[in-house]
Structure formats: structure tokens, C-alpha cells
1. Among the candidates A:GLY68, A:GLY73, A:GLY45, which residue alone is within 16 Å of ligand 1 (Cβ to nearest atom) and more than 10 Å from chain B (Cβ to nearest Cβ)?
2. Considering only residues that are of a type in the set (Gly, Ala, Ser) and at pLDDT below 90, which ones fall in region A:112-137?
3. Of all the residues that make up region A:127-154, how many are within 13 Å of chain B (Cβ to nearest Cβ) and over 23 Å from A:ILE87 (Cβ atoms)?
4. If you go through region A:48-62 one residue at a time, do you hit one that is touching an Asp or Glu at 6+ places or on another chain (Cβ under 6 Å), within 16 Å of ligand 1 (Cβ to nearest atom), within 14 Å of another protein chain (Cβ to nearest Cβ) and among the aliphatic types (A, V, I, L, M)?
5. If you check B:GLY176 against the conditions, is it open to solvent by 10 Å² or more (accessible area, probe 1.4 Å), small (Gly, Ala, Ser) and touching a residue at least 40 places away in the same chain (Cβ under 8 Å)?
6. Just the residues that are more than 10 Å from ligand 1 (Cβ to nearest atom) and not charged (D, E, K, R), please, taken from region A:13-42.
7. Among the residues of region B:78-107, how many are surrounded by 10 or more Cβ atoms within 10 Å (Cβ to Cβ), aliphatic (A, V, I, L, M) and without any contact (Cβ under 8 Å) to a residue 60 or more places away in the chain?
Amino acid sequence: MSEILRTENINKFFYEPDPFQVLTNITFRIQQGEFIALVGKSGSGKSTLLYLLSTLDTDYEGKIFIEGHAVTGLSQDSLAKFRNDHIGFVFQFHFLLPEFSALENVMMPALKLGKYKRNEIEERAFEQLKQMQMQDHARKLSSKLSGGQQQRVAIARALINEPAILMADEPTGNLDSANSEIVMEIFEDICKIKGKTIIMVTHDNDFAKRAFRILELVDGKLMI
Amino acid sequence: MSLSVNLSIARTHLLSRKKQSIVAMLGVTFGIAMFILMISFMKGVNQFLEDIMLSATPDIHIYNDVKTDYSYSIAGDYFRDSNTWTIVRHPKPKQINLNIKNPEAILADLKKDPLITAISPLLSTQVFYNYGPVQLNGYIDGVHINEEDRLYSLKDKMIAGSTQNLLTSSDGILIGSGLASKLNVALGDLVTLTTPIGTTMQFRVVGIFTIGIATIDNVKSYVNLSNVQQLLGQNSNYITDINIKLKDNEKATMESGNYLKKYGYKSDDWQTANSSVMASNLIRDVLTYVVSITLLVVAGFGIYNIMNMTIASKMKDIAILKAQGFARKDILQIFLTQSLIIGTMGALTGLLLGFALSYALSRVPFPANNSFVSLKYFPVIFRASYYAFGIFFGVMTTLVAGFMPSLRASRIDPVAILRG
Ligand SMILES: Nc1ncnc2c1ncn2[C@@H]1O[C@H](COP(=O)(O)OP(=O)(O)O)[C@@H](O)[C@H]1O
Ligand SMILES: [Mg+2]
């Protein structure tokens, strides 16, 4: 098993409204194919850490390596490209673009990547939706879908560019238990069948236990 | 590839708020349409006035200017003594002749100039027109009528008789239309002219012309040059003015300077002679641009506002796009494209509307009594360069107006928004 993500001594501070350290000396490694649950009390810094790992937030001390690339210190534009290619992200509030259909939402990161032709991308996107049992809703406007459906479209979108890592910030946080279970099962499949690495923030202990490994944050420090 | 995604996002954004997009577009449409209408009309007015002016003003006018030099007096010669001040109160001007000396040599020399297409020597004098008890003040120009015709296309301006009649009669006169109606004369009638030096002569009306300017048509007549020389008791090479038409009247200023140096006579180009018309042309041009630019700035603010509103309502989308790997320049492109589309569509419809309005104006009869200006419809010029200018202005305005909001959109921090 090879290492896919590593952090070295990450410290992060917020200065507004009062200066305080949100993350302290975070150092860990994640191997390819692991399913990691990131847990901790509300306000312990889970989301903050995930935004750092996803390269969206670049304001921190320390180093992050993803698939052997040192992403720390790269320019905004190269990080955008890197994210597009290597990282899939699922948010708690299943953010889709409301004016586009489910299929178009899924296609968008692939169109941006430009690796395949448009009709191929459409096929692949449709395939992704099928795996989420969403093929019947492909042409619907994303704003017309239910919360659980939207979250499944968001997962399909996160996977369209075949990223090595999937990061999810409380993906079940806004869903009822039935939909939460569906999402969890999808995640387990992605990890087992496709061999993707998953880092999932959750505060649900039952779900956390289904992961390979649990990382726990307490007041911004990693508990071993 | 990424360009076409950005374009399709831009298009979707525009279509998802059609009303706002159309309102923003109409701002540009209106601005450009007004610009086209104003510039076509104002330039039309300028052109009309210039044409009228040129139909009464030669490209270059050479004449002997009255010089009244009072700095020298013979009294000074008489009392030549360094201790004496000589003061002459109220000196009178000397007897001066306003004619051009040695006109044959000057005319022969001018004929060699390749820039000149027509030369008309003339002798002008003030006269009283007598017809019965009516006595009107005015002037006559003694000319070679064919030369004068080459300058002003008089043939086209005859409303009765013809210029050729002047050549075949020894006492013919071509009379201004306003003057003719004041004197109540028609072809074949006799008018008596009295000059300032008291001489009198009878002429027969052989033609009536309308230049289109009341101040000329009410006072001016043409007769043969020899008749005026005879009236004034002068010999056959006595002339007061030389009028010149150039191939290219833009060269008039330069050429007139040359003539002044060469012949020593005052030489006015048409721009100088009509500086008030030129000044009002300039004012109309400035007005056109000021009004058009104001309208475009207003349209620009409209676009700026609407882009700001769009971006404010699309913060989440921008954050999502960035999280998925869209770079700053993609976001900039997405929003700049939207304002460019608004601008281009607005400018194009503006050109159409502007054309329609100018065309409509050019078909509206001009409400004036025809004695003052000879204008059937409002003067409008259709020129491709105005339309090119219009589209350039429109697109530039929207680019500038859309740039700041788009730049701000591209700099949005996605983390702040995704946190909720
Ligand atoms: N932009 C910010 N400015 C200041 N403080 C922040 C900001 N974002 C989060 N915080 C604070 O940082 C801490 C960690 O937040 P977060 O990572 O969202 O926690 P979690 O996801 O574990 O609930 C919290 O105390 C939160 O109030
Ligand atoms: Mg959180």
C-alpha cells in the first residue's frame, strides 16, 4: 500500500474576531484505499482541516503532500487544476448548480478537465448517475431534486474525474436516516470496489465505526 | 474545452434571469441608438450647412482689403526735426482703389496651378435697385458667367431663365429670387440700377436664381463683368476679387497662405470666411459626443449594477465551481462573457434601432418656409463608420462596466462561502 496523503506539522490560526489557534501540530499519513472518518466535537476544527487538505484554503503553516505532490505554496491557478484532477469534494449542503440538470452538474468538472470529448463525458456522467441509482433523474433540474437525491448527484460529480481521494464534510449531516444509509453504502462501495481513498468528516459514531480508521480532533489537536 | 464550459455557464446564467439581462441590454440599445441617431442627424446638419455655405463661398477668395494706415502723415515729413512732436488729429483716409492690380498676370499664373479647377474674376459693387418707386439696397457681381457657374453650379439654381441668356444679351441681369419678388419683376422686365458714384443703367431680367440663403437671394444679382466696369467708369481689366475652386477644398487653408505670399493680396479660405458656421459645426459635434457618452455611461452603470447583483446571488455557485477546479480566470471569463453578450446584443439592436430612427427622421418633412432654407426633409447622413463606432463604443462600455464585478467574483474565497 502506498501513501496518498501526508501532513507535516499543520498549524492554523484565525485572527477574527479574536486571535486563536484552531489547529495545532497536525501530522498524519493516509494510505491509498483507506476509508478515514474524521470525528470530533462541533467546533473542534474538522471542517477547517478538510478545507486545508482539499487545497481550497491555503492560509496555514506546515506542509501537505498529496499523491507525492507538495501542494503547499502552489499558486491558486495550479491548485485549481490540481483539485480538478485529483480531489473530489462532497459538502454537507449538497451544493449543486441550481440552473443546470443533474447530468450537467456531473459533467461540469469533466468538461473543465477536458480529457474526454463531450459525448464521452456525457456517457461517463450518465454511468456515474446510474451507479447512484439516479439515472431516471438525469435530465431534471438539480434544484427540483430532493436532498438525498442531490447528495447522490454531488457524489457522482465528485467522482467524475476519477480522483484518487474523495473528501466529504458531513455528507449525511442534512439527510434522514434512510438517505444517510444509502450515502454510507455508496461510500463503502467506492472504497471497496473502486479502491478510492475517502476522508469523511462525521459526528455519527455508528458511521465512524464503519470506517477503516478514525482520526479524532479535540480542540484542534489530533488524538492518537 | 474549458472555454466552451465557461460559455455555456455564462449563457445559462443569462437565460436564467432573462428580464434583468434584457433590461441591461436595453440600456445599451438605447445609448447606442441615440448615438447613431444624433451623430447621423448632427453630421447631416453640418453637411447641409457646409453645402449651403460652399454654394455661396468660394474655396479661396482673393481680394484687396481696405487698409487704412494712419501712422504716417505728410505733416511729419514737413516738420522733420527731432525736437518736434507732430500730432495730426482726425486724419481722413486717402483715396484708395479696391481693385487688384495687374489681374492678367495673376490669372495667368493661377491657371497653371494644377490644384485649381475654376477661377472666376469679378467686380462687385453696391447698388440701389429701382423698379418704379421701389428702391432697394443690394449689390451686383460682374462676372464671366460660365466661370462663375463652374464655381457654384449656378445652372442648377436657376428657377427661371438661364445663365446662358446673360452671354447673349448686352444688358441682361440674373436676379436673386427674394429680390425679384420684392421688386415684383419677372423675366423680361427692366430694372434700373444706381451705383454709389451716381451712375445709372437699365438691365433686363433674363434669369432668376435661388441659392437657398435669404441674405443672398434678397440682395444679389449677376451681370456681365463689362457692364459693371462700364457702370463704374473703369477699364476692362478692373476687377476687385478673384474666386477660386479647388479640386480638394481641404487644401484651401494651405493654398490661400501661398497666394497671400505670392500676390500680396488678402486671401481667405472658406473655413476662415465661414468661421461661425465651422464653430457651430464643432459645437454640434461636441454635443453629439457628450450626450452619447452620457447615455453610454448610464448604460454602463446599469450593467455594472446588474453584474453586481448577479454575482451576489451566485456566490455559492462561484464557490462550488472553484472547489471543483475552476480557476480565477475561468470565473472572470464566465462573468465577463455575460456582460460582453449583453453589450454586443445591446449594441447590435442599438444599431438597428438607431438606423430605423435615423431613417424615420430622414423622411420627416422639414417644417420651414422654403424662402429661408431649401430643405425638404430633416438632413440625415448614413455612414458605415458611425455604425462601426457605435458597436465599438457599446462593447467597450460593457467590457469596462463588467470588468470590476467580474474581477471581484474571481477573487471570492470559496471557503468562506462553503462554510455557510
Ligand atoms: N473564518 C473563521 N474565522 C474565525 N473563526 C472561525 C472561522 N471558521 C471557523 N472558525 C472557528 O474555528 C473553529 C473550528 O471550526 P470548524 O472547523 O468549522 O469546526 P467543525 O467543523 O469541527 O465543527 C470553531 O471554533 C469556529 O468557530
Ligand atoms: Mg464542520
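1. Details: A:GLY68 fails: within 16 Å of ligand 1 (Cβ to nearest atom); A:GLY73 fails: within 16 Å of ligand 1 (Cβ to nearest atom).
Just one listed residue meets the conditions, A:GLY45.
2. If we filter region A:112-137 for residues that are of a type in the set (Gly, Ala, Ser), which is where we start, we get A:114, A:125.
If the condition is that a residue be of a type in the set (Gly, Ala, Ser) and at pLDDT below 90, then A:GLY114 is the only one that fits.
3. In the first step, residues of region A:127-154 are kept if they are within 13 Å of chain B (Cβ to nearest Cβ); the result is A:141-143, A:150, A:153-154.
So of that shortlist, the ones also over 23 Å from A:ILE87 (Cβ atoms) come out as A:141, A:143.
Here the count works out to 2.
4. Yes, that holds for at least one residue.
5. Working: open to solvent by 10 Å² or more (accessible area, probe 1.4 Å): no; small (Gly, Ala, Ser): yes; touching a residue at least 40 places away in the same chain (Cβ under 8 Å): yes.
No, not satisfied.
6. Initially, region A:13-42 is screened for residues more than 10 Å from ligand 1 (Cβ to nearest atom), giving A:24-37.
Within region A:13-42, A:THR24, A:ASN25, A:ILE26, A:THR27, A:PHE28, A:ILE30, A:GLN31, A:GLN32, A:GLY33, A:PHE35, A:ILE36, A:ALA37 meet the criteria.
7. Going through region B:78-107 one residue at a time, the tally reaches 3.
Each row is one residue, and each column tells you yes or no for (1) under 30 Å from B:GLN126 (Cβ atoms); (2) part of a helix (DSSP H, G or I).
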site	(1), (2)
B:ILE244	yes, no
B:MET254	no, yes
B:ASN258	no, yes
B:LYS262	yes, yes
B:SER267	yes, no
B:ALA279	yes, yes
B:VAL286	no, yes
B:THR294	no, yes
B:GLY300	no, yes
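The values are calculated or read from the model by the stated rules, or taken from the named source; none is laboratory data. Just so you know, these numbers come straight off a predicted model, no measurement behind them. Every residue, glycine as well, gets a Cβ built from its backbone with ideal geometry; the counts of neighbours run over all protein chains shown. In case anyone asks, the SASA skips ligands and DNA or RNA and just uses the protein heavy atoms, side chains included. Shrake-Rupley method; radii C 1.70, N 1.55, O 1.52, S 1.80 Å.
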